Structure formats: structure tokens, C-alpha cells
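Reviewing the structure listed below.
The values are calculated or read from the model by the stated rules, or taken from the named source; none is laboratory data. If you're wondering where the values come from, they're calculated on a predicted model, not measured in any experiment. Cβ: placed from backbone, ideal geometry, glycine included. Neighbour counts: every protein chain shown. Protein only, heavy atoms only, side chains kept; ligands, DNA and RNA dropped before computing areas. Shrake-Rupley method; radii C 1.70, N 1.55, O 1.52, S 1.80 Å.
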Amino acid sequence: MTSSNRSVRALVLALSSCAALILGGCASEVSGTAVAISGATIPATTTTTTTNPPTTTPPSTDIDDGGSVDIDVEIGECVTLGGTVDEAAIANATCGSAESNYVVFAKTPTSAECPEDADQYYYETYFDIEQGALCLDIDWQVGGCMDLVGEFAQRIDCATPGADTRRVVTILQGTSSVDDCPDPALYGFEKDSRNFVVCVERL
């Protein structure tokens, strides 16, 4: 037989869990996994404004060290990571669209090579050996909102916030300290290894 067994697992931002989706066959085994990395912190703080004008886009790391995953996506492009922890799904999406919730910022041979402050990584294995990984951040858009309740971050209309909705005030490069976030941001997602911070307010 020529078909293959395929498994997809998901562990998600701040709610790390894992499960599998089986898609038919009997000749070989390939697994795809999305795993959250706890790189985002949301400490309450007294904020100060920065002296330099902020840059409002995350820096590009342009790490493309190879590896292989079935989804055809490049660095800087976005994906929909969804489903449930029991039946996860990944698909291409237009950045900033209602469907997009994560952006690929690096591609590596194994998930262990993703920066520690990634929000998620997605990797695929063949007979339990990793074949490649996508390092993912939430697809934050300045002025836009993401809801962080549930298994995956979800884009949401800021006019109708959910239980844990964050609006992006700015994205600061050259610092990973939430203390540099300007008002009205009282929280931040600190990216220490890549030296930027996503400044957010909670709605």
C-alpha cells in the first residue's frame, strides 16, 4: 500500500496540551505537531513612554535553516492554527485577516532550534524523527485585537471583546522590557532573544 499514517498534535499558548488527529493509511508514519513555548509575559506594570519613536512591526529574524513540513509557507507569511487539541489543523492564511492567528518568523530543522520566546512552533516527524519546524508568533497587528482564551489565539473584533482580549498599542524594537511600553498599554509580550516587545492593553 502506498498511503501513509499522519498525525497532528497541538500544544497551545499558555495552556499547553497535546493530542492527535489520525488521517488513514498503513505504509509509513508522519506526525505534525504544534507546541506552545512560554515566551510571552503579561506583567502588570507602571508604564513609561520611550524617548525614541517606536517601530510598529516585529523584527524579521530570517532564520531559514531548512527542514521539511508539508505546509508550503515562507518566513513572514501567516497561518491558521486551529481545530482542537484533539484534532489540530494548520493552513495558509493572509496576515492580518480574520483567519490568521500566527506568523512564521523562522524555519528550522527541529523545534529545539526555535528561539525560546516563540509563541508556538509546529514540527513534523517521520517515525518520531523531526523533519522540520516552523517557529511561530501570534499575528499581532497594531490596533487589532486577539483573544487569548481557548486553545489558540484568535483574531477578534475590538468592538466586541472576548474574555481575554488584548489590543496591540505598539510593537517596540530594540527593547524587550514591558516598562518601555507607552500608555495605554499596561501589559506586554516580551521577546527577549529577539529584543522586541508587543505592547498591549486588555479590553
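Couple of notes before you dig in:
- Output for the stretch 175-200, where each listed residue is surrounded by fewer than 18 Cβ atoms within 10 Å (Cβ to Cβ) and over 20 Å from residue 114 (Cα atoms): 177, 179, 182, 183, 184
- Residue among 198, 149 that alone is assigned to a strand (DSSP E or B) and either modelled with pLDDT of 90 or more or within 24 Å of residue 83 (Cα to Cα) (or both): 198
- When residue 121 is tested against (1) over 20 Å from residue 97 (Cα atoms); (2) in contact with a Ser or Thr (Cβ under 6 Å, 6 or more places away or on another chain); (3) not in a strand (DSSP E or B), exactly one condition is not met: (3).
- Qualifying positions in the stretch 155-176 - under 16 Å from residue 189 (Cβ atoms) and not charged (D, E, K, R): 165, 168, 169, 170, 171, 172, 173, 174, 175, 176
- Here residue 172 clears all of (1) open to solvent by 20 Å² or more (accessible area, probe 1.4 Å); (2) assigned to a strand (DSSP E or B) except the condition numbered (1).
- Residue check, residue 106 surrounded by 14 or more Cβ atoms within 10 Å (Cβ to Cβ) and modelled with pLDDT under 90: no
- Selected residue [part of a loop (DSSP other than H, G, I, E, B) and either among the aliphatic types (A, V, I, L, M) or free of Cβ contacts under 8 Å to residues at least 24 places away in the same chain (or both)] from 98, 89: 98
- Test: residue in the stretch 119-137 that is at pLDDT 95 or above and surrounded by 15 or more Cβ atoms within 10 Å (Cβ to Cβ): yes
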